[in-house]
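Trainee: Below is a structure I'd like to ask you about.
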Amino acid sequence: MQENATKKKKNNRFREMVSNLFAKRIIMLLVLLIVIVLIIIGVRRVVSFDNQTTKIGFEDIGEIATQSAYCTQVSVTDSSRKLFGAKIPFTQSKYIYSYGVIIKAGFNFEEIEWSEKENTIEVKLPETKILSSEIDTDSFKVYHEEESIFNQVTLEENNTALKELKQEAEEEAVANGLLDNARSNAEAILTGFFGQVYDLDQYKIVYEDK
């Protein structure tokens with residue numbers, strides 16, 4: 001009887017050792033699996049950022065105006081026939097008028113490049129450019145009108161005058177900070193997009209020229 005009891009104790013100890021060993025191996029396998037999963041997730045995260053596969057939202061916007069200006073330009077169309085450098089009497093045609101010009105500037109957002117390194121987001125912006133300039137025909141005002149029946153202003157002369165008017169309006173708008181404001185507004189828009197994906201309390205955004 002005592003011998004049988006001893007054998008049972010030995011068998012129970014053996015089973016307990018096997019069970020403990022088996023349990024330890026299962027725990028080690030589970031820990032190893034968890035570590036592998038974490039490593040895979042980390043690698044995917046790094047690869048995702050390096051390849052810029054993270055969608056921020058502005059990539060498909062295309063061309064967008066981030067600043068507009070309204071300029072009123074006065075134009076003078078003066079046409080007269082000349083003979084030996086002197087104006088021929090009764091051939092002078094002269095118009096003084098003004099138009100409002102709407103000028104828009106911005107970027108092609110598809111050309112913007114960005115990358116994430118540690119806690120810094122580097123954004124490369126293309127050159128700010130004028131996207132459009134349109135004459136507001138409802139703003140037309142005439143200040144002086146004089147036209148000779150012997151020398152009328154041609155459509156070609158009028159078209160040239162309007163082109164010069166738009167060009168002068170664009171130059172004035174740029175001189176008054178149109179492109180600079182377009183750049184600042186674009187940065188504000190992009191910061192909003194990045195803020196939807198990144199915690200801007202932890203990330204710094206650096207804007208550079210492309």
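Trainee: Could you line up Leu165, Leu155 from fewest to most neighbouring Cβ atoms inside 10 Å?
Mentor: Leu155, Leu165
Trainee: For Leu125, what residues show an amide H to amide H distance below 5 Å, using hydrogens built from the backbone and excluding near sequence neighbours?
Mentor: Glu208, Asp209, Lys210
Trainee: Given a Förster distance of 35 Å, report the FRET efficiency between Asp138 and Thr191 from their Cβ-Cβ distance, rounded to the nearest 0.05.
Mentor: Here the calculated transfer efficiency is 0.45.
Trainee: Further, regarding this structure: For Val123, Val101, Val206, what's the fewest-to-most ordering of other Cβ within 10 Å of each Cβ? Let's see the in-between values first.
Mentor: Numbers: Val123 19, Val101 24, Val206 11.
Lowest count first: Val206, Val123, Val101.
Trainee: Shape of region 157-210 from its Cα gyration tensor (a ≥ b ≥ c, root eigenvalues): rounded if a/c is under 1.5, otherwise prolate when a/b > b/c, or oblate? All intermediate terms of the calculation are to be shown ahead of the outcome.
Mentor: Numbers: a/c = 4.94, a/b = 3.83, b/c = 1.29.
Judged from the Cα gyration tensor, region 157-210 comes out prolate (a/c at least 1.5, a/b above b/c).
Trainee: Note down the nm distance, to one decimal, between modelled labels 7 Å out along Cα→Cβ at Val76 and at Glu168.
Mentor: 0.9
Trainee: What FRET efficiency comes out for the pair Lys117/Ser184, r = Cβ-Cβ distance, R0 = 30 Å, nearest 0.05?
Mentor: Calculated transfer efficiency: 0.80.
Trainee: Can you compute the modelled spin-label distance between Glu146 and Asn108, with each label point 7 Å from Cα toward Cβ, in nm?
Mentor: 4.8
Read the figures in this text as sums done on the coordinates, not as results from a lab. This is a predicted model, so every value here is computed, not measured. All Cβ positions, even for glycine, are placed from backbone atoms using ideal geometry, and neighbour counts span all protein chains on display.
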